[in-house]
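Have a look at this one.
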Amino acid sequence: MNNSQIARRMQSVRPSPTAAISDRVRALEAAGRQVINLGEGELDFATPAHISYAGIEAIVQQQTKYTAVAGTATLKAAIAAKFARDNQLHYRPEEIIAGSGAKQLIFNALLATLDAGQQVIIPAPYWVSYPDMVRLAEGEPVIVPCSEQSGWKLTPEQLARALTPATRWLILNSPGNPTGAIYSAEELRALADVLTDYPQVLIMADDIYEPLRYDNTPFASFAQAAPQMTGRTLTVNGVSKSHAMTGWRLGYAGGPQWLIAAMQILQSQSTSNPSSISQAAAVAALNHPAAFLGDWLETLDQRRQQVLRMVAATDGLSASAPQGAFYLFARCTGLLGRTTPTGETLHDDSALANWLLEQTQVAVLHGSAFGMPGYLRIAYAIEDGLLAQACERISDACAQLR
């Protein structure tokens, strides 16, 4: 097959950088290299046992058939209870949908609502898939660079400048990937005030990292902070990050009935229902207290501090402490333009990330993939001993640059 046989929409879409780095790591490992992967957004913790047993029990009980496209009534009830309990958001069953991961639901929402040329405001740094999903839906991503000085958060002034009559969506990710930034309720209300005069604009609140927060930083979902925007907001969440269930592929969302209905139509013609086994496991995840979370957060915080110490001690790197998630977004401009021991000049963050992978067998992601050149994303949700090795390798390698 040649390029002339590929749809035009594919010409502006790139493979996911996170998937690409994981594929490269696997290829190097297959060639006998021992690589430490700090590029993948996945907790190293096991799925809690009671959740796994719920999945096993679903298999034993022959819950292995098709379900309703948007999820079982039992799962929808668990999702509704979660939204009410944790976010003070009250959705009816027809305002809830479950899908094969939060990623699918975000894509379906964009595909269901965007016409050619309509705009989606995406604060940068952003999760790598947002712009490409917008392009696949034939929309136009409008990237608004945010600064480290503003805590990596979109300001009301920036939002006001970005809004046009063609704006269809604003995407907000809190806690954010790759920065761990968390919007306060006051900051969300200030953004909502700007949106009052733009009734055509929908808001996508990507809350997938909701419980992964440090230093008792409070969390507010967008519609929770600005209830007047509930009818315009899609609140997206899932069990991948909160319960270490990435492979179970189960996300959920709550929003206005007309939008959920459109997303359900798309899902019925593409994937149909999410896995019945994963749905049963997600019921157990959402209905039981997350007693494990305290230990997880303590471990993640120790790892966060370890990477912060490494960055602070490495000439050419700097970073502010993330408030949530499990990534450190480290400024690396002090290393750019330096020369490796073999005489290669590292002109940009991509070259630096590639050199670190080849030189140290440590995989990190370059900030350009997230719309913010001059940075590296370091995912620290890996086993403590491996993380210590990775930090030592990165620090030693950077010290060799001249």
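The values are calculated or read from the model by the stated rules, or taken from the named source; none is laboratory data. Nothing here was measured: the structure is a model prediction, and the numbers come from that model. Methodologically, a virtual Cβ is constructed for each residue, glycine included, from the backbone with ideal geometry; neighbour enumeration extends over all protein chains shown. Remember, those area values only see protein heavy atoms, side chains included, never the ligands or the DNA or RNA. Shrake-Rupley method; radii C 1.70, N 1.55, O 1.52, S 1.80 Å.
Enter the accessible area of residue 271 (Å², nearest 10), with the probe set to 1.4 Å and all protein chains included.
Here the residue's solvent-accessible area equals roughly 70 Å².
Further question on the same structure: Please give the Cα centre distance for region 291-346 versus region 140-179, rounded to the nearest Å.
If we compute the Cα centre of each part, the gap is 24 Å.
How much accessible area does residue 42 have with a 1.4 Å probe, in Å² rounded to the nearest 10?
Roughly 80 Å² of residue 42 is accessible to a 1.4 Å probe.
Can you tell me the Rg and Dmax of region 47-170, counting just the alpha carbons, in angstroms?
Radius of gyration, then largest Cα-Cα span, for region 47-170: 18.8, 56 Å.
Now for a different question. Give me a comma-separated list of calculated 3J(HN,Hα) values for region 8-19, in order, Karplus coefficients 6.51, -1.76, 1.60 applied at θ = phi - 60°, integers in Hz, x for any Gly or Pro.
Listing the rounded values in order: 4, 4, 7, 5, 9, 10, 10, x, 4, x, 5, 5 Hz.
Skipping prolines and chain starts, which residues have an amide H placed within reach, meaning under 5 Å, of the one on residue 233, given they are 5 or more residues away or on another chain?
The answer is 203.
In addition: Using a 7 Å offset from the Cα along the Cα-to-Cβ direction at both residue 196 and residue 295, what is the distance between the two label points in nm, to one decimal?
Distance between the two pseudo-spin positions: 4.9 nm.
I'd like to check one number: the per residue accessible area of the chain, probe 1.4 Å, reported in Å² as a whole number.
Result: 42 Å² of accessible area for each residue.
Another question about this same structure. Step through the residues of region 194-211 one at a time and calculate ³J(HN,Hα) from phi using the Karplus curve (6.51 cos²θ - 1.76 cosθ + 1.60, θ = phi - 60°), rounding each to whole Hz and writing x for Gly and Pro.
After applying 6.51 cos²θ - 1.76 cosθ + 1.60, I find 5, 6, 4, 8, 10, x, 7, 8, 8, 10, 9, 9, 8, 9, 4, 9, 2, x Hz.
With a 1.4 Å probe and every protein chain kept in, tell me what percent of the accessible surface of the chain is carbon plus sulfur.
For the chain, the apolar C and S fraction of the accessible surface comes to 52 percent.
Here is a further query. Could you state the number of Å between the C-alpha centres of region 16-87 and region 252-289?
14
For the chain, what does the alpha-carbon gyration tensor say about shape, rounded, prolate or oblate, given a ≥ b ≥ c as the root eigenvalues, a/c under 1.5 as rounded, and a/b over b/c as prolate?
Since a/c reaches 1.5 and a/b is larger than b/c, the shape of the chain is classed as prolate.
Quick one: ranking 258, 169 by accessible area, 1.4 Å probe, largest first, what do you get?
258, 169
Could you pull out every residue, at least 5 positions away or on a different chain, whose amide H is within less than 5 Å of the one on residue 167? Hs are placed 1.01 Å off N in the peptide plane, and Pro or chain starts have none.
Long-range HN contacts for residue 167: 119.
Round to the nearest 10 and report in Å² the accessible area of residue 107, as given by a 1.4 Å probe over the protein chains' heavy atoms.
Its heavy atoms expose roughly 60 Å² to the probe.
So, one more: Need the list of lysines near residue 82 for cross-linking: C-alpha distance under 25 angstrom, and skip anything on the same chain fewer than eight residues off.
103, 241
Going by a ≥ b ≥ c, the root eigenvalues of the Cα gyration tensor, does region 183-321 fall in the rounded group (a/c under 1.5), the prolate group (a/b larger than b/c) or the oblate group?
Note, shape of region 183-321 comes out oblate.
Could you check the spin-label model distance between residue 148 and residue 31? Points 7 Å from the Cα along Cα→Cβ, value in nm.
Each label point lies 7 Å from its Cα, and together they span 3.2 nm.
Continuing with the same structure: Going Cα to Cα from residue 76, which aspartates and glutamates come in below 20 Å? Please leave out same-chain ones fewer than 8 positions away.
57, 86, 94, 95, 206, 207, 210
For region 225-232, just list the computed ³J(HN,Hα) in residue order, Karplus coefficients 6.51, -1.76 and 1.60, θ = phi - 60°, integers in Hz, with x standing in for Gly and Pro.
6, 10, x, 5, 9, 4, x, 10
Under the rule of -39500 (n - 2.57) per DSSP H run of 4 or more residues, summed and divided by the residues of the chain, what mean residue ellipticity at 222 nm is obtained, to the nearest 500 deg cm²/dmol?
Dividing the helical sum by the residues of the chain leaves -12000 deg cm²/dmol.
Rounded, prolate or oblate: which fits region 38-113, taking a ≥ b ≥ c as square roots of the Cα gyration tensor eigenvalues, rounded meaning a/c under 1.5, else prolate when a/b beats b/c?
rounded
Connecting C-alpha atoms closer than 10 Å in a GNM of the chain, tell me which of 230, 246, 342 has the biggest fluctuation.
342
Using a Förster distance of 56 Å, how high is the FRET efficiency between residue 215 and residue 63, based on the Cβ-Cβ distance and rounded to 0.05?
Result of the calculation: an efficiency of 0.85.
On to the next question. Taking amide hydrogens as modeled 1.01 Å from N in the peptide plane, which residues meet the under 5 Å criterion relative to residue 154, leaving out close sequence neighbours?
Here nothing satisfies the definition.
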